[in-house]
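Novice: Sharing a structure here in structure tokens format.
The values are calculated or read from the model by the stated rules, or taken from the named source; none is laboratory data. Everything numeric here is computed off the predicted structure, so don't read it as measured data. With ideal geometry, Cβ positions are generated from the backbone for all residues, glycine too; neighbour counts draw on all protein chains shown.
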Amino acid sequence: MPHAREARRDRERLADLATGNLEALVELYDRHAASLYRHGLVLCRQSADAEDLVQTVFIKLATTGADLLGVRDAASYLHRILHTGWLDRQRRDATGARVIGEVGYTSARFAMPHVAREDAIDIARALDALPVAEREVVMLHVTEGFSFREIGRMTGVSLFTAAGRYRQGMTRLRKSFGV
Amino acid sequence: MTRAEIEKHLRQSRWPNPSPDLRARVLAAAPRVVGAVTWSDRVWFSRGWRIAAAAVVVGVIAIDLMWPAMATGAGIAGPQALADAQVVDDVGRDIGLPSALTAALAQQALAVDARRLAANREQTDLQTLETEGNRR
């Protein structure tokens, strides 16, 4: 989660970008692209799709204009755009049944974190098996450090729903280890 | 494995980074939007403007609360109004209102009663004058 100084710098860069300064976009990309890519990877499971999502986010950012002046937390704002972009893509690309299958409970393998230890491999596999909504909350909270309130705003649910998804996800992870 | 251990392992996982091509792709595809921000946008989105707007609203409300008390400062309220004002003061303190606001509300209760008494007195004076005029 960005510190106050970084958040202020982000706001300044967003204001610069609103006036058409593309150097601000470069700085914002360097600061947030990796985190957004991880979020995209958790949602899409495919590197190419995750990169497309990240690209969509920054194109949208570059074309938003004056509304960027009203953004208080750039990181949350960018992740929210990514989540919305992913939902739009789901609606556009998939038939209803496929949408339910992917948004709901699927256990398809996804090449998630490159890991160094056996434990971590097991965790990556267990994470892979979680429903996407729970996987997203677990990743955003643990890896990216967002609060449940911020995650709720990003994903369009309440704070309590986000926290519930996290709790359920952690319970599933623990069960997958036989705890 | 405990929840804390799971979280620790998740934090320590090395996640892949986006390819370097992506950066070039994003920057090449990003359109330049020039002159999209007007002075009114800057005013509307500025924090100072919002704080000033909120301060004006609070000021108007405060003046509205204080004005009757100031307008009828010389008026004298009855004993019932004093009791009512005391109740307003007590309730305000009980529910945790700021003391200034509680005092203003109590003052307003007194002012309303003072105005009512003044109006009654005026009415009585008029009636007296009317009666005396008829006698003459």
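Novice: For the range B:89-102, state whether one or more residues are hydrophobic (A, V, I, L, M, F, W, C) and in contact (Cβ under 8 Å) with a residue 40 or more places away in the chain. It would help to see each step written out before you state the result.
Specialist: Residues of the range B:89-102 that are hydrophobic (A, V, I, L, M, F, W, C), as a first pass: B:91, B:95, B:97, B:100-101.
Keeping just the survivors that are in contact (Cβ under 8 Å) with a residue 40 or more places away in the chain gives none.
For the range B:89-102, residues hydrophobic (A, V, I, L, M, F, W, C) and in contact (Cβ under 8 Å) with a residue 40 or more places away in the chain: absent.
Novice: May I pose another question? Considering every residue within the range B:13-34, establish whether at least one is among the charged types (D, E, K, R) and loosely packed, with under 10 Cβ neighbours inside 10 Å.
Specialist: Yes.
Novice: Touching an Asp or Glu at 6+ places or on another chain (Cβ under 6 Å) and within 22 Å of A:HIS32 (Cα to Cα): is that true of A:VAL138 in this structure? Show your work before the answer.
Specialist: Working: touching an Asp or Glu at 6+ places or on another chain (Cβ under 6 Å): no; within 22 Å of A:HIS32 (Cα to Cα): yes.
So A:VAL138 does not fit the description; no.
Novice: Would you check which residues across the range B:20-52 are more than 7 Å from chain A (Cβ to nearest Cβ) and at pLDDT 85 or above and list them?
Specialist: Once the filter is applied, which keeps residues that are more than 7 Å from chain A (Cβ to nearest Cβ) and at pLDDT 85 or above, the range B:20-52 yields B:PRO20, B:ASP21, B:ALA24, B:ALA28, B:ILE51, B:ALA52.
Novice: Of the residues that sit in the range B:12-45 and are in contact with a Gly (Cβ under 9 Å, 6 or more places away or on another chain) and part of a helix (DSSP H, G or I), which one is farthest from A:ASP30 (Cα to Cα)?
Specialist: For the range B:12-45, the residue satisfying everything is B:TRP44.
Novice: Applying the selection to the range A:152-168, what residues are closer than 24 Å to B:PRO16 by Cα and modelled with pLDDT of 95 or more? Lay out the reasoning, then the answer.
Specialist: Looking only at the range A:152-168, we keep the residues that are closer than 24 Å to B:PRO16 by Cα, and these are A:154-155, A:166.
Scanning the range A:152-168 gives a single hit, A:TYR166.
Novice: A:SER147 versus (1) of a type in the set (S, T, N, Q); (2) within 14 Å of chain B (Cβ to nearest Cβ); (3) touching a residue at least 24 places away in the same chain (Cβ under 8 Å): which is the lone unmet condition?
Specialist: (2)
Novice: Here are some conditions: (1) among the hydrophobic types (A, V, I, L, M, F, W, C); (2) at the interface with chain B (Cβ under 9 Å from one of its Cβ atoms); (3) under 19 Å from A:ILE151 (Cα atoms). A:ALA7 meets all but one. Which one does it not meet?
Specialist: Only one criterion in (1) among the hydrophobic types (A, V, I, L, M, F, W, C); (2) at the interface with chain B (Cβ under 9 Å from one of its Cβ atoms); (3) under 19 Å from A:ILE151 (Cα atoms) is unmet by A:ALA7, namely (2).
Novice: Could you tell me whether A:ALA124 is at pLDDT below 90 and touching a strand residue (DSSP E or B) at 6+ places or on another chain (Cβ under 9 Å)?
Specialist: On the way: at pLDDT below 90: yes; touching a strand residue (DSSP E or B) at 6+ places or on another chain (Cβ under 9 Å): yes.
So A:ALA124 passes the test.
Novice: Count, please, the residues in the range A:118-144 that happen to be part of a loop (DSSP other than H, G, I, E, B) and without any contact (Cβ under 8 Å) to a residue 60 or more places away in the chain.
Specialist: At the first step, the residues of the range A:118-144 found to be part of a loop (DSSP other than H, G, I, E, B) are A:129-131, A:144.
Pick out the ones that are also without any contact (Cβ under 8 Å) to a residue 60 or more places away in the chain and you get A:129-131.
Result for the range A:118-144: 3.
Novice: Does at least one position in the range B:5-14 carry a residue that is within 7 Å of chain A (Cβ to nearest Cβ) and under 28 Å from A:ILE59 (Cβ atoms)?
Specialist: No, the range B:5-14 contains no residue that is within 7 Å of chain A (Cβ to nearest Cβ) and under 28 Å from A:ILE59 (Cβ atoms).
Novice: May I pose another question? For the range A:145-154, how many residues are surrounded by fewer than 20 Cβ atoms within 10 Å (Cβ to Cβ) and either assigned to a helix (DSSP H, G or I) or hydroxyl-bearing (Ser, Thr, Tyr) (or both)? Spell out the reasoning first.
Specialist: Taking the range A:145-154 and keeping what is surrounded by fewer than 20 Cβ atoms within 10 Å (Cβ to Cβ), we get A:145, A:147, A:149, A:152.
Retained after the next criterion (residues that are either assigned to a helix (DSSP H, G or I) or hydroxyl-bearing (Ser, Thr, Tyr) (or both)): A:147, A:149, A:152.
Qualifying residue count, the range A:145-154: 3.
Novice: Can you tell which of B:GLY96, B:GLY75 is at positive phi and modelled with pLDDT under 80? Reasoning before the result, please.
Specialist: Details: B:GLY75 fails: at positive phi.
After ruling out the rest, the residue left standing is B:GLY96.
Novice: Would it be correct to say that A:GLU27 is on the phi < 0 side of the Ramachandran plot and either over 15 Å from the mean Cα position of the chain (by Cα) or of a type in the set (Val, Ile, Thr) (or both)? Show your work before the answer.
Specialist: Numbers: on the phi < 0 side of the Ramachandran plot: yes; either over 15 Å from the mean Cα position of the chain (by Cα) or of a type in the set (Val, Ile, Thr) (or both): yes.
Judged against the criteria, A:GLU27 is a match.
Novice: Here's something else I'd like to know. What's the number of the only condition in (1) more than 7 Å from every other protein chain (Cβ to nearest Cβ); (2) not in a helix (DSSP H, G or I) that A:GLY20 fails to meet?
Specialist: It is condition (1) that A:GLY20 fails.
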